[in-house]
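The values are calculated or read from the model by the stated rules, or taken from the named source; none is laboratory data. Everything numeric here is computed off the predicted structure, so don't read it as measured data. Please note: Cβ atoms are built from the backbone with ideal geometry, for glycine as well, and neighbour counts cover all protein chains shown. Protein only, heavy atoms only, side chains kept; ligands, DNA and RNA dropped before computing areas. Shrake-Rupley method; radii C 1.70, N 1.55, O 1.52, S 1.80 Å.
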Amino acid sequence: MEKLSPVLECCGVSHWFGTNNVLHEVDLKILRGEIVSLVGPSGCGKSTLLRAIIGTHPPCKGKVVVHNIDGSANTVTRPGRDRGIVYQRYTLYPFLTAKENVAFGLMLDQSSLAGRLFKYFNWRRLRKDHLQQAEELLVKLKLGAALNLYPHEMSGGMCQRVAIAQALIMKPEILLLDEPFGALDEATREELQQMLLSLYAENCLMQREGKEPPYTVLMVTHELNEAIYVSDRVVALSQYWDWQGVGHVVCPGATIVYDNLAPVFQPGDQRDYVAFETQRQTIRNAAFEPDILQDSQQFKQFWEDVMQGKGKGVLA
């Protein structure tokens, strides 16, 4: 555990809209290099939690803290470059190529309009460096053949990879994925799942070399098999828990009811749906059954298992 450092902490996060209680005392700590899947029934507040983390809708109560690789920490009050997000519907500039789309964020971050206009030769050198970084990242994400294609010339899966590259090139402390593969066909979805496994494999390699894992991901998905397959940990948020047993007259909102290790797969490993079934059924019982209201602590063994050395991958 001494090698593992937190990247994100949600501390007692609660959120409500008028009399509508959405989130209740959500506590979540994500370690550097993890890929964590967040699941839960429709309307449980997954998107609200993501918006609290990204900073567009700070929580009504509690706080979100991002721990930077340099050892500093900041409480989230607004969006910042230390958090990247990719939504289900990618947003690419139609008039830019894949490489130019990925380099666009670097341009905004590292130059000004005045600098680009009046210090042309400096800007030209900087622009060359930005495009080189974009090209290297796109090649890593297996888009080397699409560097100079425009969005209308690429498939949906290719565009979504470009959107992920747009976020990753800014080197955020954590990447948030909000149903990133939900609009894609099954074959394309599997290709992008392999991409995530490749990023996780790189995390493991970097950690074995004594270096900080470069990619930390929190992904919202409604597909339990996907959650178990691509992540090293599955967290479930749900409004279906025994809130009456702890003294509430009405449901105070969704909270985390499941937090456990997931099996670690290498890129190319086949899914073992039979092995998944026990974990899928437990997640369904803990989070998706409105008639089964259980203690919210009953299915949260993640930290105990990690402390006992049961973690794999970056948690080993």
Using amide H atoms built in the peptide plane, which far-off residues or other-chain residues are under 5 Å from Val86 H to H? Leu176, Leu177, Asp178
When the helix-only estimate is applied to the chain (DSSP H runs of n ≥ 4, each -39,500 (n - 2.57), divided by the residue count), what is the mean residue ellipticity at 222 nm, nearest 500 deg cm²/dmol? -10500 deg cm²/dmol
Run the quick spin-label model on Thr91 and Arg280: label points 7 Å from Cα toward the beta carbon, then report their separation in nm to one decimal. 3.4 nm
Quick one: check the C-alpha center-to-center distance for the range 105-161 versus the range 3-31, whole angstrom. 34 Å
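If you place +1 on the Cβ of every Lys and Arg, -1 on the Cβ of every Asp and Glu, and leave all else neutral, what size is the dipole of the chain about its Cα centre, to the nearest 20 Debye?
Working: 32 positive and 36 negative charges, 279 e Å.
The calculated dipole for the chain is roughly 1340 debye.
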Would you mind getting me the FRET efficiency between His222 and Ser111? Use the beta-carbon distance for r and R0 = 35 Å, nearest 0.05. 0.30
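Can you send over the carbon and sulfur percentage of the accessible area for the range 74-146, probe radius 1.4 Å, protein chains only? If you can, show how the numbers build up before the last one.
Details: 2660 of 4670 Å².
Roughly 57 percent of what the probe reaches on the range 74-146 is carbon or sulfur.
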Given charges at Cβ of Lys, Arg, Asp, Glu: the chain dipole, positive-most of Pro263, Leu50, Asn68: Asn68
Residues whose modelled amide H sits under 5 Å from the amide H of Ile169, counting only those 5 or more places away in sequence or on another chain, are none
Could you tell me the center-to-center distance, by alpha carbons, between the range 268-316 and the range 163-192 in angstrom? 23 Å
Taking springs between alpha-carbon atoms closer than 10 angstrom, which of Leu38, Leu126, Leu108 fluctuates most in the Gaussian network model of the chain? Leu108
In Hz, Karplus ³J(HN,Hα) per residue of the range 292-304 (6.51, -1.76, 1.60; θ = phi - 60°; x = Gly, Pro): 10, 9, 10, 3, 5, 8, 5, 10, 10, 10, 4, 5, 4
Compute the distance in nm between two label points, each set 7 Å from the Cα along the Cα-to-Cβ direction, one at Ser72 and one at Gln270. 5.0 nm
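Which FRET efficiency value, to the nearest 0.05, do you get for Cys60 and Asp242 by plugging their Cβ-Cβ distance into 1/(1 + (r/R0)^6) with R0 = 25 Å? List each step's numbers first, then the result.
Details: r = 23 Å, r/R0 = 0.92.
Using R0 = 25 Å, I get an efficiency of 0.65.
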Set the bar at 28 Å for Cα to Cα. Now go through Lys61/Lys211; Lys46/Lys171; Lys140/Lys300; Lys142/Lys171; Lys211/Lys312 and name every pair that lies beyond it. Lys61/Lys211; Lys140/Lys300
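Assuming R0 = 25 Å, can you tell me the calculated FRET efficiency for the pair Gln133 and Ser155, based on Cβ-Cβ distance, to the nearest 0.05?
On the way: r = 24 Å, r/R0 = 0.95.
FRET efficiency, Gln133 to Ser155: 0.55.
Kindly sort Lys142, Lys119, Lys46 by accessible area of their heavy atoms, largest first, with the probe set to 1.4 Å. Provide the component values of the computation, followed by the final result.
Working: Lys142 160, Lys119 125, Lys46 25 Å².
Greatest to least solvent exposure: Lys142, Lys119, Lys46.
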Under 5 Å between amide H atoms, partner at least 5 residues away or on a different chain: which partners does Phe299 have, H built in plane at 1.01 Å? none
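By how many nm would the segment from Lys211 to Gln298 lengthen if fully extended, with 0.36 nm per residue of separation less the alpha-carbon distance? Can you show the working numbers first?
Working: separation 87, 0.36 × 87 = 31.32 nm, distance 3.51 nm.
Length difference between fully extended and current span is 27.8 nm.
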Could you give me the ³J(HN,Hα) list for the range 8-22, computed from phi with Karplus coefficients 6.51, -1.76, 1.60 and θ = phi - 60°, whole Hz, x at Gly and Pro? 9, 10, 9, 10, x, 6, 10, 8, 8, 10, x, 8, 8, 7, 9
List the lysines whose alpha-carbon lies under 17 Å from that of Lys128, not counting same-chain residues fewer than 8 positions away? Lys99, Lys119
How large is ³J(HN,Hα), in whole Hz, for each residue of the range 188-204 in order, when computed from phi with the Karplus curve 6.51 cos²θ - 1.76 cosθ + 1.60 and θ = phi - 60°, using x for Gly and Pro? 5, 4, 5, 4, 6, 4, 4, 4, 5, 5, 5, 5, 5, 4, 5, 4, 4
If you take every DSSP beta bridge whose two residues both sit in the chain, what share of them, in percent to the nearest 5, is antiparallel? 50 percent
Taking alpha-carbon centroids only, the range 32-102 lies from the range 197-230 a number of Å equal to 16 Å
Per GNM of the chain with C-alpha springs under 10 angstrom, the most fluctuating residue out of Leu176, Leu141, Leu96 is Leu96
